[in-house]
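The values are calculated or read from the model by the stated rules, or taken from the named source; none is laboratory data. Since we're looking at a predicted model, the values are computed, not measured. All Cβ positions, even for glycine, are placed from backbone atoms using ideal geometry, and neighbour counts span all protein chains on display. We work out accessible area using only protein heavy atoms, side chains counted, and drop any ligands, DNA or RNA first. Shrake-Rupley method; radii C 1.70, N 1.55, O 1.52, S 1.80 Å.
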Amino acid sequence: MSAIRREFECLRCGACCRAEGEVWLETGAPQTIADELGISEIEFIDHYTKLTHDHRGLTLIERPDGACIFLMPDNTCRIHNAKPRQCRDYPSRWRSRRLDSQCAGRRAQEAGK
């Protein structure tokens, strides 16, 4: 009898949006997000980004509690339709043990193995 592997289902716990670290913005992402917000690219950069730690790019700013500036109280993303690749790619294209241990969807997936 083969085991049925449970596919990942986001349970909207918000752990990934509260994780420590930078959310890098790829080329073109600032304009895409600005369009989603209905503001200019310059306004977006001025209000929602800062230089990455290595000064090679832009990252989203965080709220004082460390959460992403775009995390809503119901754990949804204010810019869901334009969210950065790094956000879209978790957990299918990258993962970390620390984040996986905090993510309700990953824990449920592991439990369903």
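Summary of values
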item: Residue check for residue 29: buried (at least 16 other Cβ atoms within 10 Å of the Cβ), modelled with pLDDT of 95 or more, small (Gly, Ala, Ser) and in contact with a Ser or Thr (Cβ under 6 Å, 6 or more places away or on another chain); result: no
item: Output for the range 37-61, where each listed residue is open to solvent by less than 80 Å² (accessible area, probe 1.4 Å) and not hydroxyl-bearing (Ser, Thr, Tyr); result: 37, 38, 39, 41, 44, 45, 54, 57, 58, 60, 61
item: 1 or more residues within 22 Å of residue 103 (Cα to Cα): qualifying helices (runs of 4 or more DSSP H) within the range 1-91; result: 15-18, 85-89
item: Test: residue in the range 74-93 that is on the phi > 0 side of the Ramachandran plot, without any contact (Cβ under 8 Å) to a residue 24 or more places away in the chain and not hydroxyl-bearing (Ser, Thr, Tyr); result: no
item: Residue pairs meeting the criteria (Cβ under 6 Å; at least 6 apart or on separate chains; first charged (D, E, K, R), in the range 29-48; second in a loop (DSSP other than H, G, I, E, B)); result: 36/79
item: Residue satisfying condition, being farther than 13 Å from residue 21 by Cβ, under 16 Å from the mean Cα position of the chain (by Cα) and open to solvent by less than 20 Å² (accessible area, probe 1.4 Å), within set 106, 93; result: 106
